[in-house]
Structure formats: C-alpha cells, structure tokens
1. Looking at (1) more than 12 Å from the ligand (Cβ to nearest atom); (2) under 24 Å from Ile111 (Cα atoms); (3) open to solvent by 20 Å² or more (accessible area, probe 1.4 Å), which one does Val5 not meet, given that it meets all the others?
2. So how many residues does the range 54-84 have that are assigned to a helix (DSSP H, G or I) and of a type in the set (A, V, I, L, M, F, W, C)?
3. Out of all the residues in the range 177-219, which are of a type in the set (Asp, Glu) and closer than 18 Å to His250 by Cα?
4. Of the numbered conditions (1) assigned to a loop (DSSP other than H, G, I, E, B); (2) over 16 Å from Asn144 (Cα atoms), Val108 fails exactly one; give the number of that condition.
5. Is there a residue in the range 142-154 that is within 30 Å of Ala205 (Cα to Cα) and within 14 Å of the ligand (Cβ to nearest atom)?
6. Which one of these does Ser129 not meet: (1) within 14 Å of the ligand (Cβ to nearest atom); (2) farther than 23 Å from Gly11 by Cα?
7. Keeping to the range 127-161, report how many residues are within 20 Å of Gly25 (Cβ to Cβ), open to solvent by 30 Å² or more (accessible area, probe 1.4 Å) and in a helix (DSSP H, G or I).
8. Could you look through the range 59-78, keep only residues that are more than 23 Å from the chain's Cα centre (by Cα) and either free of Cβ contacts under 8 Å to residues at least 12 places away in the same chain or open to solvent by less than 10 Å² (accessible area, probe 1.4 Å) (or both), and pick out the one that is nearest to the ligand (Cβ to nearest atom)?
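The values are calculated or read from the model by the stated rules, or taken from the named source; none is laboratory data. Note that the structure is a prediction, hence the values are computed from the model and not measured. No Cβ is skipped: glycine too gets one built from the backbone with ideal geometry, and neighbour counts run over all protein chains shown. Accessible surface areas use protein heavy atoms only, side chains included; no ligands, DNA or RNA. Shrake-Rupley method; radii C 1.70, N 1.55, O 1.52, S 1.80 Å.
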Amino acid sequence: MALSVVIFGAGRVGQALGQRLHAAGVDLLGYVGRDPARTAAAIAWVGDGKVPVVPAHTHAQAHVVLFAVGDGDLPAAVRSAAAQHAPRPCSLWLHTSGRHGLEVFDGVPGIRRGILHPAAPFADGRSASASIAGAPAVVVGDTNARTLLQGLCRRLGMQPVLGQPGDRTLYHAACALAANGTTALWAAAQAAMSASGVLDAAAAAKVVAALVAAADRSCQERGPAAALSGPVRRGDAATVLAHVQALQQHAPASAAAYRSLSVLALALAQQAGLAAGDVAALARALGVSPPT
Ligand SMILES: NC(=O)c1ccc[n+]([C@@H]2O[C@H](COP(=O)([O-])OP(=O)(O)OC[C@H]3O[C@@H](n4cnc5c(N)ncnc54)[C@H](OP(=O)(O)O)[C@@H]3O)[C@@H](O)[C@H]2O)c1
C-alpha cells in the first residue's frame, strides 16, 4: 500500500514538498487550504494538475498529515483539523516550521508527532521543488516517528539531520541569521561596492557572489577562525576605522552591520591568535570593549 499524505497549506513549502512526494510515488490525497479557489489555483501545477483540494476531514484517511502553514497559523490549523475528525490511529502529524516544536500537536490523540524543517530557502514553490534536492531537512520527532520522518526525507530527496527538541526560537534565529542574514549582507555589499564607483552594479554582483562563495568554502574547509582574513584578522585598526567612516558617509545603514560583524570577527581573530595589543586597538576603532 502506497504511503498516503494530506497537506495543509498550499504555499511555497506545501507546493514544493507535495510535488516532490507526488513524483516519488506517494499517494498525495490532496491539499487543505483556507480558501478553496485560492488553494486550487496555487496547486494547479502540482502533480500535473491531478492533485485535488480536499476537505479537512480527509486527514482521517492519511498515513501522514503535513502542515505547511505559516508559523502564526500553525497552532490554530492543527486544533481545527483535529476538531474536524479523529486522526487515523498512529498516523504521523508533522509540520515544517522552524519556530514551533512538537507541542503544537499536544491534545491530538493517538498520533505520532514530528517536525521536518527544510533548511533551504523557498523563494517560490516551483523553483524550490527542484532546488531543495539534496538540501538538509532537520527532523525532530517522537521515537516512533523517526523512521517514517527519515523515510519522508528520502522520498523528498532531502538529507535528514536528526535533531532534539531544544530551544526552537534560538534554532530558528540561527537559521534566519545564516539564510536571510547572508541575503541582506549580499545586498548591502553589492550596494556599497556600486556606490564606490569602482564597479557597476552587475560587476559588483559578480565580485560579491565570488567573495561570499569563497568565504563559505573556506569556513567549511578549515572552520571560521582559521578561515577569517582581511583587516580585522591582520590587526589593521586604521583600515577598519576608515571603512566605518566611508560607510557612515555613503551607506549609513551598512555601517552598523559592518561594525557588528567586525566585533564578531574580532572574537574569531583573537581565537586565531591575534596579539592582545592589536585586539585592543581594533576594539577601540569599533567602539567596544575588547573581547574577554
Ligand atoms: N519559505 C521558506 O523559505 C521556508 C523554509 C523552511 C520552512 N518554512 C516553514 O514552512 C511553513 C510554510 O511556509 P511558506 O513559506 O510555505 O508559507 P506561505 O507561502 O505563506 O504559505 C502558507 C500557506 O498556508 C495556508 N494556510 C494558512 N492557514 C491555513 C489553515 N488553517 N489551513 C490550511 N492552509 C492554511 C495559506 O493560505 P492563504 O492563501 O489563505 O494565506 C498559505 O497558502 C512555515 O512554518 C515556514 O516557517 C518556510
């Protein structure tokens, strides 16, 4: 018997995961949305248009009930689904939220609880259905849910990474820092580089992309402390001060980010062996106390 799945939420994540599950031979019973017409339009491309919009009580037939609704809507969506019909005994109820834990399923009787958080950006459903192949999915679940969660990851073509319940808000903040923080940093660096007049916007985009990719590769190869290069690592306080002043004049919003990131870089430089006098001079240039 094929694994049967119902998805609540036909947004970016719901569409992409549904498409991949359908392509993997899973019996995708359908999508539950808030508005049937909007939901039908959103999933028109999923499974070549053969996946239906279904009523919420369809979850009672499913082995797996997947909630891909926004973080703010998740607790109410779970409560409302459970109120529609008793769950299929031992079915796996899971969500894709980085922020919420297993507690959103508290009070839903007789289920296995799980989280499958794709550690990947979903700009839109269609492109993400291709780009998430091979990306990590952080899975957390009841003991009797873990095998099925890992099986779902395999069907999705994602790499399962087993996690613990932990502090979900802190975990999610770290995800946002890595993914959205890098995007914001990319944009700020490109804008400042274009504003310098040395390169036009297209050339600046190319150079920024190469620098970000090289920094990423180096961190993976040798760890961040050994990977750090540039004026903070060299102990060049005069250059750092000049950078802050130039950014303050031409891109003031980026000056604050430069300062904050340089303070973090200073701690890495210290770990990597920067001399105490250089650390103190850099801390003065950045207007902070030296790291301890
Ligand atoms: N986007 C990402 O990069 C990403 C990455 C990893 C994890 N996630 C997580 O995945 C979840 C979904 O994110 P998303 O980006 O796909 O959000 P999204 O594009 O905003 O889609 C959410 C969908 O859920 C629907 N919905 C809301 N309440 C519902 C309910 N009670 N019943 C059924 N459907 C309901 C919304 O319908 P309406 O049309 O009525 O609003 C919308 O179609 C979030 O928890 C998010 O944190 C997102």
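1. Among (1) more than 12 Å from the ligand (Cβ to nearest atom); (2) under 24 Å from Ile111 (Cα atoms); (3) open to solvent by 20 Å² or more (accessible area, probe 1.4 Å), the lone unmet condition for Val5 is (3).
2. 9
3. Asp200
4. (2)
5. No: zero hits.
6. In the conditions (1) within 14 Å of the ligand (Cβ to nearest atom); (2) farther than 23 Å from Gly11 by Cα, Ser129 misses (2) alone.
7. 6
8. His59
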